[in-house]
Amino acid sequence: MRASKITSSPAPPPMDWSMLLIDAVSKPGAISEAYRRFWNYSTGNQLLAMFECMRRKITPGPIHTFQGWKKLGRHVKKGEKAMTLCMPVTVKRKANAKSSDVDDRIDAPAASYTRFLYKAHWFVLAQTEGEEYQPADLPEWQEERALSSLDIERIGFEHPNGNCQGFALRRQVAVSPIAFAPHRTLFHELAHVVLGHTDELERMDDDDVTPTNLREVEAECVALICCASLNLGGHEFSRGYIQHWLIGATIPEKSAHRIFRAADQILKAGHPAQGSLDQA
Ligand SMILES: [Zn+2]
């Protein structure tokens, strides 16, 4: 898709990412179900698709575009309504761009930013008919593969504080050998790195630093999504931790975006190489 075309259609997002996150956090069963069904889509879209199927009482299943189903020898049944998913599109910023051109950028590198386009383009298996569908296997998530593709090193744990479950420093993470839920801690620490928190602390530039409570909420939401997706358990403790740090506040929209993106990066990094079906 060309940048010029994208810039000319600034449709307002029809949905609220922080509400989607709150829904997901309160229903971890939906997260694992969404991941199992829609793993080859981004995390946000997995949940969008899952909740949309629930709302419209459609059996959740693989998703493709109209053309995608055609290529698989199936066609969309008459009268079926398409589902709306979000397509992240990376747009190169022009050197002379005005600030109003980059309002919707989400902490992307200076030379590019991400725009989110909502398109009603997708249909679930149950909305189609034709040749028998051959499901693809759920890819295995491997820690070693994730660490190497994220360029993060797991180091030994040395910490005098017995209550500390793990830590992240620059691009290194460590998990206590006596961590209460080691997977959850690993994902929490990976999230701190992927979310850029360790970089922020390194720079010691107060203006740019995410407040501690928000850092913890963001990292733990990522841990919850990853653990629930991979069925590793522990999300009931994540919920308590998130509530403790939120102190009655809600998750800002920008944080919700960052959370979905980081969870997605960590989950995809552990899969054998392949792209998301919804990436433009
Ligand atoms: Zn933390």
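The values are calculated or read from the model by the stated rules, or taken from the named source; none is laboratory data. These numbers were taken from a predicted model, which means no experiment stands behind them. Neighbour counts are summed over all protein chains in view; Cβ atoms, including those assigned to glycine, are modelled from backbone coordinates with ideal geometry.
How many residues does the range 232-241 contain that are within 15 Å of the ligand (Cβ to nearest atom) and over 17 Å from the mean Cα position of the chain (by Cα)?
The initial filter retains those residues of the range 232-241 that are within 15 Å of the ligand (Cβ to nearest atom), namely 234, 237-238, 240-241.
Going one step further and asking which of them are over 17 Å from the mean Cα position of the chain (by Cα), we end up with 234, 237, 240-241.
Qualifying residue count for the region: 4.
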Members of the range 58-92 found to be closer than 14 Å to Glu129 by Cα, under 19 Å from the mean Cα position of the chain (by Cα) and among the aliphatic types (A, V, I, L, M), listed by number = Ile63
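Being over 18 Å from Pro28 (Cβ atoms) and of a type outside the set (Asp, Glu) is the filter here, so list the residues in the range 46-59 that pass it.
Filtering the range 46-59 down to residues over 18 Å from Pro28 (Cβ atoms) leaves 52, 55-59.
Within the range 46-59, Arg55, Arg56, Lys57, Ile58, Thr59 meet the criteria.
Tell me the residue from Arg115, Arg55, Arg37, Arg74 that is among the charged types (D, E, K, R), modelled with pLDDT of 80 or more and touching a strand residue (DSSP E or B) at 6+ places or on another chain (Cβ under 8 Å), please.
Details: Arg115 fails: modelled with pLDDT of 80 or more; Arg55 fails: touching a strand residue (DSSP E or B) at 6+ places or on another chain (Cβ under 8 Å); Arg37 fails: touching a strand residue (DSSP E or B) at 6+ places or on another chain (Cβ under 8 Å).
From the options Arg115, Arg55, Arg37, Arg74, the qualifying one is Arg74.
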Of the residues that sit in the range 37-57 and are buried (at least 17 other Cβ atoms within 10 Å of the Cβ) and not in a helix (DSSP H, G or I), which one is nearest to the chain's Cα centre (by Cα)?
-> Ser42
Consider only pairs whose beta carbons are under 8 Å apart and that are at least six residues apart or on different chains; among these, list those whose first residue lies in the range 165-179 and is under 17 Å from Ser149 (Cα atoms) and of a type outside the set (A, V, I, L, M) and whose second residue is in a loop (DSSP other than H, G, I, E, B) and more than 9 Å from the ligand (Cβ to nearest atom).
-> Arg171/Asp151; Arg171/Ile152; Gln172/Ile152; Gln172/Ile155
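Might you check whether a residue that is within 11 Å of the ligand (Cβ to nearest atom) and closer than 25 Å to Met50 by Cα occurs anywhere in the range 223-231? Break it down stepwise before answering.
Of all residues in the range 223-231, those within 11 Å of the ligand (Cβ to nearest atom) come to 223.
Next cut, closer than 25 Å to Met50 by Cα only: 223.
The answer is yes; a qualifying residue exists.
Regarding the range 117-136, can at least one residue be identified that is assigned to a strand (DSSP E or B), closer than 19 Å to Arg258 by Cα and hydroxyl-bearing (Ser, Thr, Tyr)?
Let us first name the residues in the range 117-136 that are assigned to a strand (DSSP E or B), namely 117-124, 128-130.
From the residues that got through so far, the ones that are closer than 19 Å to Arg258 by Cα too are 117-118.
Within this subset, residues satisfying the condition of being hydroxyl-bearing (Ser, Thr, Tyr) are 118.
Taking every residue of the range 117-136 in turn, at least one turns out to be assigned to a strand (DSSP E or B), closer than 19 Å to Arg258 by Cα and hydroxyl-bearing (Ser, Thr, Tyr).
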Can you name every residue in the range 202-222 that is aliphatic (A, V, I, L, M) and within 13 Å of the ligand (Cβ to nearest atom)?
-> Leu214, Val217, Ala219, Val222
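Taking the condition closer than 23 Å to Ile251 by Cα, surrounded by fewer than 16 Cβ atoms within 10 Å (Cβ to Cβ) and not aromatic (Phe, Trp, Tyr), does Asn213 pass?
yes
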Scanning the range 183-201 for residues that are more than 11 Å from Arg171 (Cβ to Cβ), among the aliphatic types (A, V, I, L, M) and in contact (Cβ under 8 Å) with a residue 40 or more places away in the chain, which turns out nearest to the ligand (Cβ to nearest atom)?
-> Ala191
